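Contents: one structure, followed by commentary.
Every number in this text was worked out from the coordinates using simple rules, so none of it is lab data. Values in this document were obtained by computation on a predicted structure and should not be read as measured data. No Cβ is skipped: glycine too gets one built from the backbone with ideal geometry, and neighbour counts run over all protein chains shown.
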Amino acid sequence: MSTAWHVLGAGSLGTLWATRLARAGLPVRLILRDAARLHSYEAVGGLTLVENGQAHTYAVPGETPDSPEPIRRLLVACKAYDAEEAVARLASRLAPDAELILLQNGLGSQDAVAARVPQARCISASSTEGAFRDGDWRVVFAGHGFNWLGDGANPLAPVWLDDLQAANIPHEWSADILTRLWRKLALNCAINPLTVLHNCRNGGLSEHHCEVATLCAELAELLQHCGQPAAADNLQAEVERVIHATAANYSSMYQDVANQRRTEISYLLGHACKVAERHQLHLPHLQQLQQRLVAHLRKRGLPSD
Ligand code: NAP
């Protein structure tokens, strides 16, 4: 019997992964926050994935964090700001050889989780797949993409990559996952906050070329100083390419703010500013961007952390 995949968080990415693993016949269990969420889930009877307009429901069994079964493989699919506490609640259930796969965007939450469960192996993921919820327990697979997985502390690839293969989850084991996470964070810092402040789609930033270029220069300086020179390579050219290629899209931060949802700012721009401070780097435009974004969020009554 193969090892069960415990999926923590039945949101967009958690559902996208849980349904594909279940569809491949692999054992999956969904961990919901509490008994009320479990009852709501059980009343519906499964998770629905909408792909190419077709909806399929998978009867993935649910449980609460208090369930007694040990956990050997845990896919953490909460937002970055929820991951540490959500994992801490499961610490006593983790088997001695437990492995965690952390799907959180940005940086900071991965180290916080690892510190809470030092006995477990923590594997970080960087995903370009896109999904959104269009109802409770129902997720639309909106953008095909790719997943890079890696463990900065141990280059050995885990055996369960075969499960991802069987489930048609596109992936690659990456020796430089931290560089990938920093690169994605830098792209996010150069694009997402400005789309919120200028109230525009990604393509609208082509009218703010100088502002974007200045931010890219400061972000590249930060990456050089924190031992990530490869993540700084041609950053501005890639930012401009992304702005052009995704011109019609609203950034994830824009969508969070527009829908009055908490953003992951602390793990993106906030993390970049914190690391700059730690290195005593003066990056005035990046710092000013953070101040403007925090003020904007507060004005809208949203958390600024
Ligand atoms: P999401 O749709 O908001 O899902 C997060 C889920 O975590 C929610 O279902 C929430 O439960 C659950 N949760 C929070 N605390 C919990 C706890 N203590 N116990 C159990 N469940 C808990 O978020 P998402 O869009 O999937 O994003 C997850 C991460 O992936 C983020 O860091 C995001 O940036 C990253 N990411 C997302 C995408 C995408 O397309 N969505 C793409 C790339 C990266 P409730 O339902 O009860 O609130």
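Tabulated results
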{"read-out": "Hits among lysines - C-alpha to C-alpha of K79 under 18 Å, sequence gap 8 or more where chains match", "value": "K184"}
{"read-out": "Pair R262, A245: separation of 7 Å Cα→Cβ label points (nm)", "value": "3.2 nm"}
{"read-out": "Burial ordering of K274, K299, fewest other beta-carbon atoms within 10 Å first", "value": "K299, K274"}
{"read-out": "Amide H contacts of V7 (H built 1.01 Å from N, under 5 Å, at least 5 apart or other chain)", "value": "R29, L30, I31, L75"}
